[in-house]
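Values in this text are rule-based calculations from the coordinates and carry no lab data. Please read these numbers as outputs of a predicted model, since none were measured by experiment. Here Cβ is always computed from backbone atoms with ideal geometry, including for glycine, and neighbour counts include all displayed protein chains.
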Amino acid sequence: MTSPTDLKFTHSHEWVRDNGDGTFTIGISDHAQEALGELVYVELPAIGRHLVAGEVFAVVESTKAASDVYAPLEGDVLEINQALANEPQLLNSEPYATGWLMRLRPTDPSALATLLSGTDYDNGPGA
């Protein structure tokens with residue numbers, strides 16, 4: 001699968017979408033969900049929590065294993081995807097749409113430029 005060109009990616013398989021209003025939506029890549037297998041549980045951060053880039057902010061559990069999810073940028077958690085509590089499989093079926101994890105107000109929005117483009121991700125860690 002070719003990764004969406006409107007997203008930025010991390011080496012640890014998280015994606016970031018600029019919402020155009022000073023906030024970012026964050027999730028895990030299609031490559032990550034495929035490697036994990038069927039997801040059965042998601043633990044998300046508290047709204048208002050301040051995250052440092054690289055910090056674990058979520059845990060996703062599949063029938064194969066549990067995996068940490070890392071904050072791609074520093075900032076404050078504005079919203080979490082409540083639908084995942086009852087439907088964690090949204091991460092499998094729609095990783096770039098309804099399967100998002102959280103919305104973040106970044107401390108430094110320009111840090112988005114340090115992340116990988118979809119093409120770079122597909123040719124590197126997402127290959």
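Local charge sum around residue 18 (other residues, Cβ-Cβ under 10 Å, Lys/Arg +1, Asp/Glu -1)?
On the way: positive: 8, 17; negative: 6, 21.
Once all neighbours under 10 Å are counted, the net charge is 0.
If you stretched the chain out fully between residue 97 and residue 123, how much longer would it get, using 0.36 nm times the residue separation minus the C-alpha to C-alpha distance? Before the final figure, lay out the partial values.
Values: separation 26, 0.36 × 26 = 9.36 nm, distance 2.23 nm.
So the chain would gain 7.1 nm between residue 97 and residue 123.
Principal axis extents of the C-alpha atoms in the chain (largest first, rounded to whole Å): 37, 34, 22. Around residue 95, what is the net charge, scoring Lys/Arg as +1 and Asp/Glu as -1 over all other residues with Cβ under 12 Å from its Cβ? Summing Lys and Arg as +1 and Asp and Glu as -1 gives -3.
Counting charges near residue 39 (Lys, Arg +1; Asp, Glu -1) among other residues having Cβ under 10 Å from its Cβ returns a value of -2.
Straightening the chain between residue 49 and residue 87 buys 11.4 nm, computed as 0.36 nm per residue apart minus the Cα-Cα spacing.
Using only alpha carbon pairs under 8 Å that are at least six residues apart, calculate the relative contact order of segment 4-57 and give it in whole percent. Mind dumping the intermediate values first?
Details: 37 pairs, mean separation 10.7, N = 54.
About 20 percent, as a whole number.
Under a Cβ-only charge scheme (Lys and Arg +1, Asp and Glu -1), can you give me the dipole magnitude of the chain about the Cα centre, in debye to the nearest 20? Mind dumping the intermediate values first?
Details: 6 positive and 19 negative charges, 21 e Å.
Once rounded to the nearest 20, the dipole reads 100 debye.
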